[in-house]
Amino acid sequence: MPKFAANISMMFNEVPFLDRFAAARAAGFEAVEFLFPYEFPAAEIAKRLEGNGLSQVLFNAPPGDWNAGERGMACLPERRAEFKDGIKRALEYTTALKCPRLHVMAGLTPAGAARDTLLATYAANLDFAAEECAKAGVKPVIEPINHRDIPGFFLNTTKEATRIIDALGMDRVGLQFDLYHCQITEGDVARRAAELLPYIAHMQVADNPGRNEPGTGEVNWDFVFNAIDASGFRGWIGCEYRPKGETVAGLGWFAKYRAA
């Protein structure tokens with residue numbers, strides 16, 4: 001059966017962040033992911049994970065100035081030193097939280113920038129991240145993000161992502177396959193999940209439109225989850241969605257998987 005991790009940056013917003021670990025556990029989740037941990041001491045987050053019997057399965061490397069609209073630095077030539085410092089900082093947290101996956105965000109395409117220059121920077125930075133992550137027993141992952149939610153994001157399609165992974169080695173860098181982004185940009189999510197299985201190190205899910213919980217939009221999730229399970233994927237699927245209402249009230253879709 002599929003294994004689901006609560007994204008506590010988006011879910012359980014009824015309570016403060018550090019209390020969401022207990023809320024996720026009470027709702028039946030055995031693992032969590034979130035966007036960023038850096039506002040809190042790693043030891044405090046580790047305490048919440050251990051106290052609630054939860055595994056941390058993913059978070060993002062520092063993205064630059066998130067509140068100012070930055071969405072990663074990996075493709076930006078002028079930010080390479082800051083990028084490297086961010087990876088080192090992130091790995092301090094992966095070690096403390098025993099987290100096996102680190103999402104490295106590509107960043108926004110600067111106006112007028114040559115794509116070849118950005119691509120070369122992206123590849124070099126990912127190579128650095130892969131080397132540093134390997135020392136810590138962590139696999140960096142890259143995620144294509146749709147053009148609607150983050151206009152100008154450098155990496156949009158799974159085809160682009162797999163080309164980069166092929167160049168760097170799929171043993172060193174994995175694909176973070178977000179079914180919501182794929183549904184918007186490419187569609188055919190069940191077939192793509194099966195075809196991309198060798199690349200996929202982590203999945204995420206939200207319904208479309210609205211980016212709400214499964215069952216609120218256009219996708220037949222029972223079919224999709226069964227297809228993913230039949231494909232042999234045994235990693236975590238992060239629930240990176242915005243609950244349409246109160247978080248627990250929207251977990252009807254999760255009941256069969258919690259029971260399992």
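Summary table
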read-out: Residues satisfying the stated conditions in the range 134-151, i.e. open to solvent by 40 Å² or more (accessible area, probe 1.4 Å) and either within 21 Å of Leu119 (Cβ to Cβ) or outside any loop (DSSP other than H, G, I, E, B) (or both); value: Ala134, Lys135, Lys139, His147, Pro151
read-out: Selection status of Leu175, aliphatic (A, V, I, L, M), touching a residue at least 40 places away in the same chain (Cβ under 8 Å) and either surrounded by 21 or more Cβ atoms within 10 Å (Cβ to Cβ) or in contact with a Pro (Cβ under 9 Å, 6 or more places away or on another chain) (or both); value: no
read-out: Top-ranked residue in the range 75-133 [being farther than 15 Å from Ala161 by Cβ and hydroxyl-bearing (Ser, Thr, Tyr); ranked as surrounded by the fewest Cβ atoms within 10 Å (Cβ to Cβ)]; value: Thr117
read-out: Residue in the range 226-246 that is assigned to a loop (DSSP other than H, G, I, E, B), at pLDDT 95 or above and among the polar types (S, T, N, Q) present; value: no
read-out: Check on Phe40, under 23 Å from Lys244 (Cβ atoms) and surrounded by 13 or more Cβ atoms within 10 Å (Cβ to Cβ); value: no
read-out: Members of the range 185-209 found to be open to solvent by 10 Å² or more (accessible area, probe 1.4 Å) and either in contact with a His (Cβ under 8 Å, 6 or more places away or on another chain) or closer than 25 Å to Cys133 by Cα (or both), listed by number; value: Thr185, Leu196, Leu197, Pro198, Tyr199, Ile200, Ala201
read-out: Test: residue in the range 214-224 that is among the aromatic types (Phe, Trp, Tyr), touching a residue at least 12 places away in the same chain (Cβ under 8 Å), open to solvent by 20 Å² or more (accessible area, probe 1.4 Å) and in a helix (DSSP H, G or I); value: yes
read-out: Test: Glu39 is more than 17 Å from the chain's Cα centre (by Cα), of a type in the set (Asp, Glu) and in a helix (DSSP H, G or I); value: no
read-out: Scope the range 5-34; condition surrounded by fewer than 22 Cβ atoms within 10 Å (Cβ to Cβ) and closer than 17 Å to Pro100 by Cβ; matching residues; value: Glu30, Ala31
read-out: Test: Glu70 is over 18 Å from Ile145 (Cβ atoms), modelled with pLDDT of 95 or more, surrounded by fewer than 21 Cβ atoms within 10 Å (Cβ to Cβ) and of a type in the set (Asp, Glu); value: no
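The values are calculated or read from the model by the stated rules, or taken from the named source; none is laboratory data. These figures come from a predicted structure and were not determined experimentally. Using ideal geometry, Cβ is built from the backbone for each residue, glycine included, and neighbour counts are taken over all protein chains shown. When the accessible area is computed, the model is the full protein with side chains, heavy atoms only, and any ligands, DNA or RNA have been set aside. Shrake-Rupley method; radii C 1.70, N 1.55, O 1.52, S 1.80 Å.
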